[in-house]
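Reading through the structure tokens given below for one structure.
The values are calculated or read from the model by the stated rules, or taken from the named source; none is laboratory data. All figures in this text were calculated on a predicted structure; none of them were measured in a lab. Positions of Cβ are generated from backbone atoms using ideal geometry, with glycine treated the same way; all protein chains shown enter the neighbour counts.
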Amino acid sequence: MAVIFGMLIENAGLPVPSEPMLLFVGYLVHIGVLNLYGAVGAAVGGSVAGALLMYWIGAAGGRVFVLKYGRYIRLTPQALERSEAWFGRFGRGAVSLARIIPIVRTWVSLPAGIARMPLPQFVGFTTLGVLPWCLAMISIGLGLGAGWESFELRIWSVDVIAVAVPVLAVVAVVIVLWTRSRRISRSRSEQ
């Protein structure tokens, strides 16, 4: 039950990172406390339930509602815009693809709900996206056994890099564009 709840709240936008939780679940499988199939099923079920919650928020309230109340679940307008961009760029496949990308995986359900993606497709694509993620993380924790904690630190570093690189790239592009526009406006004013 704890696995379902943990994955539900992570996929519903609350600050619960799935990596250490799923690695620990793998450790619990390793020592025989949990069954592998039950653990993966619980993780996938909780992930889909949390994603459905976000989908329904997007479908029921639309973009205006999400922007007005999103701050209560750590949702910034920028995060919604990134999720909408992903959804717009990759279409319905974004729902599956985004499930392996930190931060984006939490918020991609909102634009799917806002766009009123057909619910069976949403559930199917979501399940297709979270199943390999949950299975991989639990399997890594299972394989690591008692060493799961040291590996979790490395996973956290990968998450930080996966977020930092795109953010730094966007900042660099903004700086270049801003500098270029200032240079152009300065040259126009000199003419």
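If you go through region 25-58 and keep only what is within 16 Å of the chain's Cα centre (by Cα) and among the hydroxyl-bearing types (Ser, Thr, Tyr), you end up with Ser47, Tyr55. Could you check region 1-36 and list, in sequence order, the residues that are touching a residue at least 24 places away in the same chain (Cβ under 8 Å) and in contact with an Asp or Glu (Cβ under 6 Å, 6 or more places away or on another chain)? Hits for region 1-36 are Ser18, Pro20, Leu23.
Close contacts from region 119-133, counting a first residue that is touching a residue at least 12 places away in the same chain (Cβ under 8 Å) and a second that is buried (at least 22 other Cβ atoms within 10 Å of the Cβ) and of a type in the set (D, E, K, R), with Cβ to Cβ under 6 Å and a gap of 6+ residues or different chains, come to Gly129/Arg99; Val130/Arg99; Trp133/Arg99. Quick one: would you say Val33 is farther than 16 Å from Val130 by Cα and not in a helix (DSSP H, G or I)? Taking the combined requirement at face value, the residue satisfies it. Taken together, Ile138, Ile103, Ile175, Ile184 contain a single residue that is modelled with pLDDT under 85 and closer than 30 Å to Val29 by Cα, which is Ile103.
Farther than 18 Å from Leu131 by Cα, at pLDDT 80 or above and loosely packed, with under 14 Cβ neighbours inside 10 Å - does that describe any residue in region 38-46? No, because not a single residue in region 38-46 is farther than 18 Å from Leu131 by Cα, at pLDDT 80 or above and loosely packed, with under 14 Cβ neighbours inside 10 Å.
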